[in-house]
Amino acid sequence: MTDEAGEETVEQDEESDPIEDLDTRVAELEKELQYSAAEMVNVRQRAARERSEALRYGGMSIALRMLPLVDSLEKALEAANGDDSNALSEGVRLTLEGAKSALEAEGVSQIEVESSFDPTMMEAIATVPAPEGSGPGSVIEVIEVGYMYHDRVLRAARVIVAEGE
């Protein structure tokens, strides 16, 4: 009888093992399903974010190509101001205003250079001894205006900075 009882116990253990194995496997598959569902949510969010950024920053290259045109118009206007040719000066000024207005409508804005150097928006192309009233790290002169495209630097402002002692 002990043998039969022992055999019955073994048979019951063998019968419960497949059920436990299946329960374990079901738990593993449920966990994998949850991970897959979470991954799908992440993929959708990332795709939406990338699509939004592509729409927002898609015109960045055209804006970057327009900046030298704006620079040239500004220099032409400065040169024309010394002459008596008011018509030329006025034409260049209106063209420059139109170009700047078009860029602003697309999200391009000029970087306002503060008194202290900001490496996230400026490029120091030279350093000079600090003049009276200026501390080290202060911007002495703006060589080339910088621009932002929405919240990104399109072109850093090129500046001359006062050096420390």
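Data table
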quantity: Residue match in the stretch 52-63 (condition: more than 30 Å from Ile111 (Cα to Cα), modelled with pLDDT of 85 or more, among the small types (Gly, Ala, Ser) and assigned to a helix (DSSP H, G or I)); calculated: no
quantity: Residues satisfying the stated conditions in the stretch 134-149, i.e. out of contact with any Lys or Arg (no Cβ under 6 Å at 6 or more places or on another chain) and either assigned to a loop (DSSP other than H, G, I, E, B) or hydrophobic (A, V, I, L, M, F, W, C) (or both); calculated: Ser134, Gly135, Pro136, Gly137, Val139, Ile140, Val142, Val145, Met148
quantity: Qualifying residues in the stretch 82-126 (those that are hydroxyl-bearing (Ser, Thr, Tyr) and over 26 Å from Tyr57 (Cβ atoms)) - the one farthest from the chain's Cα centre (by Cα); calculated: Ser85
quantity: Any hit, the stretch 87-96, residues being part of a strand (DSSP E or B), at pLDDT 85 or above and surrounded by 14 or more Cβ atoms within 10 Å (Cβ to Cβ); calculated: no
quantity: Filter result (assigned to a strand (DSSP E or B) and polar (S, T, N, Q)) within the stretch 112-133; calculated: Ser116, Thr127
quantity: Selected residue [modelled with pLDDT under 85 and not in a helix (DSSP H, G or I)] from Asp83, Asp3; calculated: Asp83
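The values are calculated or read from the model by the stated rules, or taken from the named source; none is laboratory data. Here the structure is a predicted model, which is why all the values come from computation and not from measurement. All Cβ positions, even for glycine, are placed from backbone atoms using ideal geometry, and neighbour counts span all protein chains on display.
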